[in-house]
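Down below is the structure, laid out as structure tokens.
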Amino acid sequence: MATTLQSIRGMNDLLPSETPLWQALEAASRAVLRAYGFEEVRFPLLEQTAVFARSIGEHTDIVEKEMYTFEDRNGDSLSLRPEGTAGCVRAMLEHGLLRGQTQRLWYMGPMFRHERPQKGRYRQFHQIGVEAFGMAGPDIDAELILMTARLWRQLELKGLTLQINSLGSSVARAKYRAELVRYFSSHEKALDADSHRRLTANPLRILDSKNPAMADLIAAAPAFADYLDAESAAHFESLQSLLKDAGVPCEVNPRLVRGLDYYGLTVFEWVTRDLGAQGAVCAGGRYDGLVELFGGPPTPAVGFALGMERLIALWQGQGQKAEADTPAVYLMPVEPECVGAILKLAEQLRDACPGLQIETHCGGGSLKSQFKRADRVGAKLAVMVGGEEQKSGKVTLKDLRSGAGQQSMSPAALIDLLKQSQKL
């Protein structure tokens, strides 16, 4: 007995009933990004593993436990992208687009992490990512946040809260890191297995632990704000002032650290209580040292990624629905020998009325079954061509939604009618 083939666990199909909502999210996002002057970039799903090990950090959970990594036939280590920033930086450097230039870029597509699948967390998931290069001030940080706030308004999403923090300069982080190691080492017996592993490799990630047993210990940990240098503090204060002036409320979360090594200065998340444990729908921040880490020139950079599955789930939870497109016209051959005439007419209608959805009946069947099919797909008008119509040079039109009777008309008159309907 043949084994039933199924999708890989944590990698989901999107069926025709689901894709209209995705298309609506994609269209709204493209419109907002265009309004802020961002351009689309596309880069491969596969990269050299070193691209991610160098940027994300060898001691992060992503690199150590979650990447899909394999050797190709040449013995090169390759990985499916677990996030987009590293590949975007690699592409910009490879094509010389960061030499004394500013760039405003966005991308959209699947990412891959071998995690335990649960609601809002999948092994193949989709992100819209935004990266801005060459701008050092808090103004671009603020503008990215304003752009996300506009997208939430465009989507009519409710209940999203902005959390921000500063991870300071590399010098400030080094001092804070040493203090965290000292603090958590003095409470080593209270650390869970993950925190033990992170203690020397990536102690800031302990602050991001979701283990309830660690909550009190983390709450009493030293605060990063006490270790910020003057320049980092001024950057953070300016960001808060810009957001306040723009009318975007925010909450300073001193435990917000983000999971990737390359972040510094501004970090932020948009969170909701409506999705359970997976409450972050958009997150990002500054990574001014990453381009240089890749061998490029010192380049200030800031970006974010929003999780499309989580946004869709939130959107649906708040009652959003997107109906599938339905044909405006369904063309039916009354007799089999009229199929050629129907196909020719369909092309004439598409030429004359671009953008109008026109479906021809294929596969044969009685006229009754064709009407059933037209009704099932939600067509508004049925157009029939049979032997009599071919002799007269006309077509027969029936409005499937109004209940009006059939009428005979020329193809030119049908085209005029459809053009008028497009204007309504």
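The values are calculated or read from the model by the stated rules, or taken from the named source; none is laboratory data. Please read all numbers here as calculations on a predicted model, not as lab measurements. Cβ atoms come from the backbone with ideal geometry, glycine included; neighbour counts cover every protein chain shown.
Tabulated data
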| item | result |
| --- | --- |
| Residue count, the stretch 135-175 (criterion: assigned to a loop (DSSP other than H, G, I, E, B) and surrounded by 17 or more Cβ atoms within 10 Å (Cβ to Cβ)) | 6 |
| The one condition in (1) closer than 24 Å to residue 127 by Cα; (2) at pLDDT below 95; (3) surrounded by fewer than 23 Cβ atoms within 10 Å (Cβ to Cβ) that residue 298 fails to fulfil | (1) |
| Any hit, the stretch 333-353, residues being outside any loop (DSSP other than H, G, I, E, B) and closer than 23 Å to residue 17 by Cα | no |
| Condition met for residue 297 (without any contact (Cβ under 8 Å) to a residue 60 or more places away in the chain and more than 22 Å from residue 250 (Cβ to Cβ)) | no |
| Subset of the stretch 322-332 (residues that are assigned to a loop (DSSP other than H, G, I, E, B) and touching a helix residue (DSSP H, G or I) at 6+ places or on another chain (Cβ under 9 Å)) | 322, 323, 324, 325, 327, 328 |
| Residue pairs meeting the criteria (Cβ under 7 Å; at least 6 apart or on separate chains; first touching a residue at least 12 places away in the same chain (Cβ under 8 Å) and under 16 Å from residue 311 (Cα atoms), in the stretch 107-121; second surrounded by 14 or more Cβ atoms within 10 Å (Cβ to Cβ) and charged (D, E, K, R)) | 108/26; 111/81; 111/83; 120/309; 120/310; 121/115 |
| Residue selected from the stretch 1-46 under the condition within 23 Å of residue 116 (Cα to Cα) and in contact with a Ser or Thr (Cβ under 9 Å, 6 or more places away or on another chain), by the criterion surrounded by the fewest Cβ atoms within 10 Å (Cβ to Cβ) | 13 |
| Count of residues meeting criterion [closer than 19 Å to residue 320 by Cα, among the charged types (D, E, K, R) and at pLDDT below 95] in the stretch 1-42 | 1 |
| Evaluation of residue 276 against (1) out of contact with any Lys or Arg (no Cβ under 7 Å at 6 or more places or on another chain); (2) surrounded by fewer than 14 Cβ atoms within 10 Å (Cβ to Cβ); (3) over 24 Å from residue 143 (Cα atoms); (4) assigned by TED's automatic domain parsing to the domain that holds residue 232 (one fails), failing number | (1) |
| Residue, modelled with the lowest pLDDT, within the stretch 245-295, restricted to residues that are under 20 Å from the mean Cα position of the chain (by Cα), small (Gly, Ala, Ser) and over 21 Å from residue 312 (Cβ atoms) | 259 |
| Tally of residues being touching a Ser or Thr at 6+ places or on another chain (Cβ under 7 Å) and either surrounded by fewer than 23 Cβ atoms within 10 Å (Cβ to Cβ) or not in a helix (DSSP H, G or I) (or both) across the stretch 71-87 | 4 |
| Number of positions in the stretch 302-321 that are over 13 Å from the mean Cα position of the chain (by Cα) and either closer than 18 Å to residue 159 by Cβ or not in a loop (DSSP other than H, G, I, E, B) (or both) | 9 |
| Every residue from the stretch 88-106 that is within 14 Å of residue 50 (Cβ to Cβ) and either of a type in the set (Lys, Arg) or surrounded by fewer than 24 Cβ atoms within 10 Å (Cβ to Cβ) (or both) | 90, 93, 94 |
| Within the stretch 344-364, considering residues that are without any contact (Cβ under 8 Å) to a residue 24 or more places away in the chain and surrounded by fewer than 14 Cβ atoms within 10 Å (Cβ to Cβ), the one farthest from the chain's Cα centre (by Cα) | 344 |
| Residues (surrounded by 15 or more Cβ atoms within 10 Å (Cβ to Cβ) and either in contact (Cβ under 8 Å) with a residue 40 or more places away in the chain or acidic (Asp, Glu) (or both)) located in the stretch 176-207 | 176, 179, 180, 194, 198, 202, 204, 205, 207 |
| Single match in 286, 310, 273 (criterion: of a type outside the set (A, V, I, L, M, F, W, C), farther than 30 Å from residue 419 by Cα and in contact with a Ser or Thr (Cβ under 8 Å, 6 or more places away or on another chain)) | 286 |
| Where a residue in the stretch 373-398 is over 16 Å from residue 336 (Cα atoms) and its partner, wherever it lies, is surrounded by 22 or more Cβ atoms within 10 Å (Cβ to Cβ) and of a type in the set (Ser, Thr, Tyr), with Cβ under 8 Å and at least six apart | 373/330; 374/330; 377/330; 379/330; 381/330; 382/330 |
| Residue tally, condition over 44 Å from the mean Cα position of the chain (by Cα), surrounded by fewer than 15 Cβ atoms within 10 Å (Cβ to Cβ) and part of a strand (DSSP E or B), over the stretch 367-424 | 2 |
| Filter pass, residue 299 being outside the structural domain of residue 378 (by TED's automatic domain parsing), hydroxyl-bearing (Ser, Thr, Tyr), closer than 29 Å to residue 86 by Cβ and over 24 Å from the mean Cα position of the chain (by Cα) | yes |
